[in-house]
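S.K.: I'd like to ask some things about the structure below.
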């Protein structure tokens, strides 16, 4: 294999450039050229296919910086429609004209869902990324537990649900233990929780902190490092009465409460608290208007003004309960050491999979007590249910204690290998040297896009 392409798809994460860097370093060793495709799958639908050579003369271009967040080759939420043969024919023709013999897609479960139609025509592999940590399997047989039923009211006319699992959960059986971007997202959210505590403590408030994770509670679980009092995850239906009782107990004791909730938490009926908006995002998901805001309204009604007036800690419940969203800061900025290192390992493994002749495969990060973290290749079809769909991984119930509303002992055991040495000395030193650098006050921001634009080339349209 002489030349491969690489693209980044879906939402940005802090570790994408580290993945690209790892892929390019390994490709240089194997004497393989790497073409970066601009703006993900969007470039493949463009007849001119904006692209650049990432390793001319088998040397990485200087713009590839594994410590920089985001992606230097851009991303989009476009996807490949497996039923549109005309588009697929055009995409493969364009890649062929570029001399690309294999393709690396860096993405999450949505990208992996769209991988198959390409893999049937060109060797294609996936290097995983997602801050939600929802690309993987709790155990290898998990896809077999999905059931599909016809439902005209559901999106696509079908509805999926899970059977009760017959598998024994074992952390060493997890497929793709953690995805690049997750550790940095937790670092940001846990830091935010820790900082908001002082405001809640000083003003006798109840703080509700909303973190990302539509169907997966991993970020909320990891945010326990910020020492919130209560953690709510999408996988467990909200018991409002028990929550109110727990809030009262904690508030009576320490005069403040900090609650972390995933953006996709659901009520007792299984409906998303924040799904009040009928607008949809580019992937077709209902745009959430705010789980934290919905939870605040519920607590205001349940606790009432008198509860806070009695303690002389506010004129109303509305005043005493506030919300904050960590938001997109979780997916941006400099990746911490764990993400940089293992993202590069996965990028390198993706190149090796193509060089070895593997197709429709995923580079995965595994963990065991004997080997620690290590990368492997995994057949992408093993992620699919019997109808060929890949479902976002939900946090296994064994990781969460619904009575304590905190991570279980198993959940703690899951988090410890990821975060015990996740931050490197250079992470803090970088902050010390750069955040308050004098030049930040005088020099305008220089975007990587400016430099990359000088390297972009285009395919001439065929007559």
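Read-outs: derived from the displayed coordinates by stated rules, not from any lab. This is a predicted model, so every value here is computed, not measured. Here the Cβ positions follow ideal geometry from the backbone for every residue, glycine too, while neighbour counts run over all protein chains shown.
S.K.: Given the chain, what percent of its DSSP beta bridges are antiparallel, to the nearest 5?
M.R.: 45 percent
S.K.: Give, as ranges by residue number, the residues of segment 172-187 whose backbone N falls under 15 Å from the point 7 Å along Cα→Cβ of residue 416.
M.R.: Correct set: 172.
S.K.: Based on DSSP H runs of at least 4 residues, each adding -39500 (n - 2.57), what is the mean residue ellipticity at 222 nm of the chain after dividing by all its residues, to the nearest 500 deg cm²/dmol?
M.R.: The helix-only estimate for the chain comes to -10000 deg cm²/dmol at 222 nm.
S.K.: Could you give me D for the chain, from Stokes-Einstein at 4 °C and 1.567 mPa s, where the hydrodynamic radius is the Kirkwood radius over C-alpha pairs? Units µm² s⁻¹, please.
M.R.: This corresponds to a translational diffusion coefficient of 55 µm²/s.
S.K.: So what's the angle, to the nearest 10 degrees on a 0 to 90 scale, between helix 16-29 and the longest Cα principal axis of the chain?
M.R.: Roughly 30 degrees between the two axes.
S.K.: Nearest-5 percent of antiparallel DSSP beta bridges in segment 70-170?
M.R.: Among the beta bridges of segment 70-170, antiparallel pairing accounts for roughly 50 percent.
S.K.: Below 8 Å, C-alpha to C-alpha, sequence gap of six or more: please give me the relative contact order for segment 183-330 in percent.
M.R.: After rounding, I find 29 percent.
S.K.: Obtain the nm distance between the two label points defined at residue 97 and residue 318 by a simple spin-label model: each point lies 7 Å from its Cα along the Cα-to-C-beta direction.
M.R.: 6.1 nm
S.K.: To continue, here is another question. Expected output is a single nm value to one decimal: the length gained when fully extending between residue 450 and residue 430, i.e. 0.36 nm times separation in residues minus the C-alpha distance. What is it?
M.R.: Going from the current span to full extension adds 4.9 nm.
S.K.: When you take every Cα atom in segment 183-330, what is the radius of gyration, and what is Dmax, the widest Cα pair distance, in Å?
M.R.: 14.8, 48
S.K.: Relative contact order of the chain: what whole-number percent is it, with Cα pairs under 8 angstrom and at least 6 residues apart?
M.R.: 21 percent
S.K.: Once you place label points 7 Å from the Cα toward the Cβ at residue 371 and residue 386, how far apart are they in nm?
M.R.: Reported label-point gap for residue 371 and residue 386 is 3.1 nm.
S.K.: Turning to a different aspect of this structure: Only bridges whose two residues both fall in segment 183-330 count here: according to DSSP, what percent of them are antiparallel, nearest 5?
M.R.: Approximately 10 percent, going by the DSSP bridge assignments.
S.K.: Please provide three numbers in whole Å: the alpha-carbon extents of segment 365-463 along the principal axes, with the largest listed first.
M.R.: 54, 52, 31
S.K.: Taking the highest mean first, how do the peptides 238-244, 317-323, 82-88 order by number of other beta carbon atoms within 10 angstrom per residue?
M.R.: Most protected by this proxy first, the peptides run 317-323, 238-244, 82-88.
S.K.: Mind giving me the FRET efficiency for residue 89 and residue 301? R0 is 51 Å, r the Cβ-Cβ distance, nearest 0.05 is fine.
M.R.: 0.35
S.K.: Give the span of segment 209-267's Cα atoms along each principal axis, as three whole-Å numbers ordered largest to smallest.
M.R.: 32, 24, 12
S.K.: Further question: Put a dot 7 Å past each Cα toward the Cβ at residue 245 and residue 48; how far apart are the dots in nm?
M.R.: Taking the simple label geometry, residue 48 and residue 245 are separated by 6.5 nm.
S.K.: In what order do 129, 325 fall by count of nearby beta-carbon atoms within 10 Å, going from fewest to most?
M.R.: Ascending number of Cβ neighbours within 10 Å: 325, 129.
S.K.: Taking the 0 to 90 degree range and rounding to the nearest ten, how far is the long axis of helix 337-355 tilted relative to the main principal axis of the chain, both from C-alpha atoms?
M.R.: It works out to around 30 degrees.
S.K.: Can you sort 80, 186, 236 by how many other beta carbons sit within 10 Å, fewest first?
M.R.: Lowest count first: 236, 80, 186.
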